[in-house]
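Notes follow the structure.
The values are calculated or read from the model by the stated rules, or taken from the named source; none is laboratory data. From a predicted model like this one, the values you see are computed outputs, not experimental measurements. Positions of Cβ are generated from backbone atoms using ideal geometry, with glycine treated the same way; all protein chains shown enter the neighbour counts.
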Amino acid sequence: MTDPDAVTSETGPILVVDFGAQYAQLIARRVREAHVYSEIVSHTITAAEVTARQPAGIIFSGGPKSVHVEGAPVIDPAVYDLGVPVLGICYGAQLIAQQLPGGVVANTGSGEYGRTEMTVTAPDAVLFGGGQPELQQVWMSHFDSISVPPDGFAITSSTPGAPVAGMEHVERKIHAVQYHPEVVHTPHGQAVLEHFLYDVCGCPPAWVMSSVIDTQVDLIRKQVGGAKVICALSGGVDSAVAAALVHKAIGPQLTCVFVDTGLMRLGEGEQVVETFQRHQGIELIHVRAADRYFERLEGITDPEDKRKAIGELFIRIFEDVSGGIEDAKFLVQGTLYPDVIESGTASAAKIKSHHNVGGLPEDMQFDLVEPLRSLFKDEVRKVGTELGLPDEIVWRQPFPGPGLGVRIIGEVTPDKVAILQRADAIVREEIRAAGLEREIWQAFAVLPDIRSVGVMGDERTYGYPAIIRAVTSEDAMTADWARLPYDLLERMSSRIINEVDGINRVAYDVTSKPPGTIEWE
Ligand code: XMP
């Protein structure tokens with residue numbers, strides 16, 4: 001595995017200490033948006049572990065608990081004496097007040113939630129940089145408040161419910177804000193973070209995607225040496241960017257395997273071949289497996305049985321092909337940073353079943369190359385663009401591993417796939433033409449296993465309906481049906497019925513998730 005720590009170049013990383021808030025990831029992203037590399041760490045980190053990572057600074061996140069509750073998370077107090085700059089946010093600010101001598105955190109009974117007006121009492125405070133309005137809006141979410149700052153700290157701002165909304169100890173480089181500078185509802189919040197990063201920690205805004213690429217290229221070369229590397233391409237953005245990055249590092253030592261299941265969207269198989277083989281010059285084994293998939297799926301109607309059949313066949317084909325590549329010792333995976341945070345470990349792992357290209361088995365003996373494991377999705381997209389991948393791949397919507405197999409209800413046949421591919425292409429074309437592509441999380445068509453009567457010209461028809469599904473979402477955990485304009489729905493409907501033989505009716509799915517799921521199976 002590549003070493004995410006080594007992504008940093010001129011200074012060490014900013015460590016974002018997670019006290020259990022939903023804001024830790026957001027803080028890490030805001031720091032990266034300021035072009036400084038950040039990583040999330042647990043609050044159980046010791047001072048010695050902090051020192052070993054040589055951070056340029058530490059940010060304590062907010063947290064859901066009160067510092068007074070038994071078992072509330074704390075940080076090793078020796079961290080304050082390391083000389084590493086500290087910024088405490090919300091719970092993090094209160095923890096500083098509680099752990100350092102002289103500070104008092106009180107339950108005043110006057111918590112603040114949401115937009116709050118703050119008065120800057122020390123405009124020259126380091127985090128305000130002399131340039132912030134005296135009265136400003138900030139986002140608050142707290143019930144306890146710091147009532148007395150620790151010894152040697154100066155108060156820098158206050159609100160009606162928080163007499164110490166900001167405090168600093170310039171010599172010790174310890175700063176704290178009760179409010180949330182990382183959220184958009186605090187308009188001057190990003191400037192506060194930047195003053196901490198640039199002025200207190202001394203980090204230059206040097207972490208840019210081109211430097212990420214250069215660092216990863218070096219790391220990949222060191223990791224794999226002269227060995228052969230394989231990569232299963234799914235057509236999705238993560239495996240595509242990972243493959244392009246590894247190819248930049250080791251060129252012909254990389255072989256990509258693209259299993260064309262026949263269950264991809266219209267033209268997608270050709271586009272993968274076009275992009276990777278012809279344009280990027282990557283050695284690509286294109287397995288045309290549609291016939292095998294249709295044969296395997298014959299008669300299967302249960303959604304889970306379909307998924308299993310599609311997954312197993314993928315593994316069999318991938319094993320056959322990879323077994324034929326001599327000296328292949330490494331497998332590229334498009335694992336992203338949120339997966340690493342969720343699994344709670346940054347250590348190397350053998351292949352796991354939640355693999356994003358079809359669930360490869362655990363006993364496959366490859367070491368993993370995971371060049372994206374320190375990046376968020378939006379950063380992966382930037383790397384992809386920088387590496388010259390086309391927008392159609394970089395901005396591709398999420399697409400399930402089993403493909404159209406789980407968007408055709410009932411038995412999957414070549415005829416139904418052909419019908420669905422054309423209806424689905426119209427949905428996506430119209431979304432693009434309406435300029436909604438980046439607002440919509442996923443937009444696609446589903447083919448149910450029913451038919452209905454219609455009339456076209458003077459003829460009776462008996463055809464399938466196409467169901468349009470379009471959702472907005474942040475992370476696919478929850479989703480809402482997209483409020484598409486009626487004229488857009490009408491265009492989709494009339495084009496699908498006129499252009500796709502076999503479809504005589506169009507319906508729009510108005511179900512959110514939960515209670516529905518995004519996909520139909
Ligand atoms: P659901 O339907 O559970 O989907 O709301 C959430 C997100 O995951 C995608 N999805 C899959 N992706 N293999 C995948 O790689 C699958 O079997 C699968 N099922 C759903 C779905 O497209 C959505 O983005």
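So for region 54-68 (the condition being outside any helix (DSSP H, G or I) and touching a His at 6+ places or on another chain (Cβ under 7 Å)), does at least one residue qualify? Yes, region 54-68 contains at least one residue that is outside any helix (DSSP H, G or I) and touching a His at 6+ places or on another chain (Cβ under 7 Å). The residue that is nearest to the ligand (Cβ to nearest atom), among those in region 384-395 that are assigned to a helix (DSSP H, G or I) and out of contact with any Ser or Thr (no Cβ under 9 Å at 6 or more places or on another chain), is Gly384. Screening Gly516 against (1) free of Cβ contacts under 8 Å to residues at least 40 places away in the same chain; (2) surrounded by 15 or more Cβ atoms within 10 Å (Cβ to Cβ); (3) more than 16 Å from the ligand (Cβ to nearest atom) leaves a single unmet condition, (3).
All of Val183, Val164 fail the test of being touching a strand residue (DSSP E or B) at 6+ places or on another chain (Cβ under 9 Å) and either crowded, with 24+ Cβ neighbours inside 10 Å or charged (D, E, K, R) (or both), apart from Val164. Scanning region 412-434 for residues that are under 19 Å from Trp481 (Cβ atoms) and outside any helix (DSSP H, G or I) yields a single hit, Ala434. Filtering region 194-213 to residues that are under 22 Å from the mean Cα position of the chain (by Cα), surrounded by 13 or more Cβ atoms within 10 Å (Cβ to Cβ) and part of a helix (DSSP H, G or I) leaves Met209, Ser211, Val212, Ile213. Residues in region 463-509 that are within 16 Å of the ligand (Cβ to nearest atom), part of a strand (DSSP E or B) and either buried (at least 19 other Cβ atoms within 10 Å of the Cβ) or not assigned by TED's automatic domain parsing to the domain that holds Asp449 (or both): Ile467, Ile468, Arg469, Ala470, Val471, Ala479.
Scanning region 426-435 for residues that are surrounded by fewer than 19 Cβ atoms within 10 Å (Cβ to Cβ) and either of a type in the set (Ser, Thr, Tyr) or on the phi < 0 side of the Ramachandran plot (or both) gives Glu429, Arg432, Ala433, Ala434.
Is it the case, given these coordinates, that Val164 is of a type in the set (A, V, I, L, M, F, W, C) and within 23 Å of Tyr198 (Cα to Cα)? No; evaluated as a whole, the condition is false for this residue.
Pairing each residue of region 479-507 that is under 24 Å from Thr517 (Cα atoms) and without any contact (Cβ under 8 Å) to a residue 40 or more places away in the chain with any residue that is assigned to a helix (DSSP H, G or I) and more than 16 Å from the ligand (Cβ to nearest atom), provided the two are 6+ apart or on different chains, yields no C-beta distance under 7 Å.
In this structure, Ile75 does satisfy being under 33 Å from the mean Cα position of the chain (by Cα), surrounded by 15 or more Cβ atoms within 10 Å (Cβ to Cβ), among the β-branched types (Val, Ile, Thr) and farther than 16 Å from Leu193 by Cα. Scan region 438-462 residue by residue and report those that are outside any strand (DSSP E or B) and either modelled with pLDDT of 95 or more or within 15 Å of the ligand (Cβ to nearest atom) (or both). Across region 438-462, the qualifying residues are Ile440, Trp441, Pro448, Asp449, Ile450, Arg451.
Applying a threshold of 9 Å to beta carbon distances and a minimum spacing of six or more residues, or different chains, the list of pairs starting in region 76-88 at a residue that is part of a helix (DSSP H, G or I) and ending at one that is crowded, with 23+ Cβ neighbours inside 10 Å reads Val79/Val17; Val79/Ile58; Val79/Val86; Tyr80/Val86; Tyr80/Ile96. In this structure, Pro398 qualifies as on the phi < 0 side of the Ramachandran plot and either within 15 Å of the ligand (Cβ to nearest atom) or in the same structural domain as Ala249 (by TED's automatic domain parsing) (or both). Taken over region 148-189, the criterion of being without any contact (Cβ under 8 Å) to a residue 24 or more places away in the chain and not in a loop (DSSP other than H, G, I, E, B) is satisfied by Pro163, His169.
On inspection, Asp424 qualifies as modelled with pLDDT of 95 or more, among the charged types (D, E, K, R) and within 14 Å of the ligand (Cβ to nearest atom).
Taken together, Asp327, Asp305, Asp260 contain a single residue that is over 30 Å from Leu447 (Cβ atoms) and not assigned by TED's automatic domain parsing to the domain that holds Gln421, which is Asp327.
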